[in-house]
Structure formats: structure tokens, C-alpha cells
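A short write-up of the structure that comes next.
The values are calculated or read from the model by the stated rules, or taken from the named source; none is laboratory data. Note that this is a predicted model, so its numbers are computed, not measured. Every residue, glycine among them, receives a Cβ derived from its backbone with ideal geometry; neighbour counts consider all protein chains shown. Accessible surface is based on the protein model in full, side chains and every heavy atom, while ligands, DNA and RNA are left aside. Shrake-Rupley method; radii C 1.70, N 1.55, O 1.52, S 1.80 Å.
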Amino acid sequence: MPLEFGLWRVDDTPVRVATRPMPLESRLEELIEADPGILGNPLLLIGRQVLTQYGKIVDLLGMDAEGGLHVLELKRDRTPREVVAQVLDYGSWVQELTNEQIRDIYTSYARARGLAEELERRLLCGSATLRRKLSTRLTL
């Protein structure tokens, strides 16, 4: 059974907002990168278009406040079964990342986007607590 949702803008009277398909997955990546808060959970994006050791590319990679890693594989249309397998592969890969590899991913991402050096320095130096969490709490 198909599921339909609606969005209304309410000023004086409710007006339904017209929906339209997302033209490109890359545009969806840009929107999330500009405001990761739209995902509902606070995430620090640490990578975009991250190449895995298997030659596959993760759309976005994020880290939560507890040090858990989140794989974001974006699809603008329906998701075929193969996508589930793809995300499981990415989850496997993420669980095997070392702290150094995570830092390298973030360093590349931060430098490419000119992010604040202070934030980069904090992640590279990292607190003992964050390093401990990273080594024990990698999640899909």
C-alpha cells in the first residue's frame, strides 16, 4: 500500500506545499551538508563521497556526540533491495575503521571544505574519552 505524506504552510490559511522529485542525489547531499540538523539527530559530518577499501563510495559519513559513526546512503527514488546490501557492506567497513582512518577521512573532508582549523585540531588531537568511544561504539 503506497504511503502519501503532505506538507502545508500555515500563515492565515493552510496551503499545501507542492512536492517535486529531487533532481539529483548530489543536491540532496548538498542540502544535508549545509544543515545536518534536518536529519533529526545532531551529527558532525566527517566525510562526503568517501571511498571505501572495496572501491565503493559512501555518500555521507557522520559522527554523533557519542562517537558513533553513521553511514548516509542517499537515494532520491525508491530503494531497491541491492541498496540494503550496499548499506550493510558500508556498515561492515565502518566497523573496521581505526581511529587514525577516521581522522584521515575527516581531515580530507575538512581541508576540502575549508572548515575551521580549531575543529580539525580538536578531532586530530582528540580527548581520551572520544578516542575510547570511537574504539568501542562504531554503529550503523
K56 accessible area, assembled protein chains, probe 1.4 Å, Å²: 120 Å²
Accessible area of W8 in the full protein assembly, 1.4 Å probe (Å², nearest 10): 130 Å²
Difference of contour (0.36 nm per residue) and Cα-Cα distance, R20 to T79: 19.5 nm
Added length on full extension, which subtracts the Cα-Cα distance from 0.36 nm per residue, E96 to E66: 9.1 nm
Sites L115 and F5 - FRET efficiency at Förster radius 35 Å, r taken between beta-carbons, to 0.05: 0.55
Three-way shape label, region 19-123, alpha-carbon gyration tensor, a/c 1.5: oblate
Region 1-67: C-alpha gyration tensor shape, a/c 1.5 cut-off, then a/b vs b/c: prolate
